[in-house]
Amino acid sequence: MIKLYAMRLKSIFIDGIYVDPEIATSYFACDLDKCKGACCFMYGDFGAPLLEEEIEIIQDALPIVKKYLPERNIAYIEKNGFYEKSDIGYATTCIDKKECVFVYWENGTAKCSFEKAFLKGEISFRKPASCHLFPLRNYGLNGASIGGEILKYVKINECEPAVKKGKKENIKLYEFLKPALIRYFGQEWYNKMLKEFKSLNNRR
């Protein structure tokens, strides 16, 4: 919590949201051939963070999404549910504290069943916002009291191929995540962020 407060002091402030300055300068572009969808099966106590309003949306989409899931995932959901609640909010359940229950595998790569159904035009929900924004994390939601939302770039070793690809193709993190950032915060907010980033880069 102390680290988040410290980061807030160094952040860019846009309409009530503290933005990690590293988002302005970092390069990033997912490389599934290299990472194999590691963000969908990383070890941890909880799965992908969920907004409370996403739970009902996911529940409604389950009948469609299930047809893309392995039998063991379906059985796990039926026995344990697809989400759990902790002191910091809601999250998807995971098999063996690793694989998200909504993962299906294709040629050795973990993929999202929601995104598959979305791209086929079967549902309007692409994926949980936390997944869409990854590797950004939005702290301060779901009741966490840290004095406002903080949008932070979380670096993990599994995403190193994405950093290399972003540098090679000259794609900044905020450019790669443009659809997710607009979906989550809106076009007007995204435009303000670009203006702040331009000002920041001009001062360097």
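The values are calculated or read from the model by the stated rules, or taken from the named source; none is laboratory data. Because the structure is predicted, anything quoted here is derived from the model rather than measured. For neighbour counting, all protein chains shown are included, and Cβ atoms are generated from backbone atoms with ideal geometry for every residue, glycine included. Accessible surface areas use protein heavy atoms only, side chains included; no ligands, DNA or RNA. Shrake-Rupley method; radii C 1.70, N 1.55, O 1.52, S 1.80 Å.
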Problem - In Hz, Karplus ³J(HN,Hα) per residue of segment 180-186 (6.51, -1.76, 1.60; θ = phi - 60°; x = Gly, Pro) - result: 5, 5, 5, 4, 7, 10, x
Exercise for the section: Can you pull the one-decimal nm distance between simple spin-label points at I14 and E122, each 7 Å off the Cα toward Cβ? Expected result: 3.4 nm
Problem - Rg/Rg_ref, the chain, where Rg_ref = 2.2 N^0.38 Å and atoms are Cα - result: 1.05
Practice task
Return the long-range amide H neighbours of I14 (sequence gap of 5 or more, or a different chain), with a cut-off of under 5 Å between placed amide H atoms.
Solution key: V19
Fill in the blank from the handout: For segment 38-176, the per residue accessible area (1.4 Å probe, Å²) is 54 Å²
Handout entry: Karplus-derived 3J(HN,Hα), 6.51/-1.76/1.60, for each residue of segment 63-69, Hz, glycine and proline x
Key = x, 7, 5, 4, 5, 9, 9
Practice task
Report the extension gain between K66 and E106 in nm, rounded to one decimal, defined as 0.36 nm multiplied by the number of residues separating them, less their alpha carbon distance.
Solution key: 12.8 nm
Completion exercise
Checked against the positive end of the charge dipole of the chain (+1 on Cβ of Lys and Arg, -1 on Cβ of Asp and Glu, about the Cα centre), the farthest of Y27, I14, Y83 is Y27
Handout entry: Dmax and Rg, reported as Rg then Dmax, of segment 1-106 (C-alpha, Å)
Key = 17.1, 47
Handout entry: CD proxy at 222 nm, helix term only [per DSSP H run n ≥ 4: -39500 (n - 2.57); per residue of the chain; nearest 500]
Key = -12000 deg cm²/dmol
Practice task
Under 15 Å from the Cβ of E71, count the other residues' Cβ atoms, weight Lys and Arg +1, Asp and Glu -1, and hand me the total.
Solution key: +2
Practice task
State which entries of K36/K98; K67/K120; K152/K195; K127/K168; K97/K120; K111/K168 exceed 20 angstrom in Cα-Cα distance in the structure shown.
Solution key: K127/K168; K97/K120; K111/K168
Exercise for the section: Straight distance only, please: which aspartates and glutamates reach the Cα of K165 with their own Cα at less than 19 Å, same-chain residues fewer than 8 apart left out? Expected result: E22, D31, D33, E175
Handout entry: Assigned charges on the beta-carbon of Lys, Arg, Asp, Glu; the chain dipole about Cα centre (debye)
Key = 920 debye
Handout entry: Under 5 Å, built H, 5+ apart or other chain: amide partners of Y90
Key = L50
Exercise for the section: Any chance you could run the full-extension gain for E196 through E78? It's 0.36 nm times the residue separation minus the Cα-Cα distance, nm to one decimal. Expected result: 37.8 nm
Problem - Point-to-point label distance, Q59-R183, nm (Cα→Cβ direction, 7 Å offset) - result: 2.2 nm
Handout entry: segment 1-105 - percent of accessible surface contributed by carbon and sulfur, probe 1.4 Å
Key = 55 percent
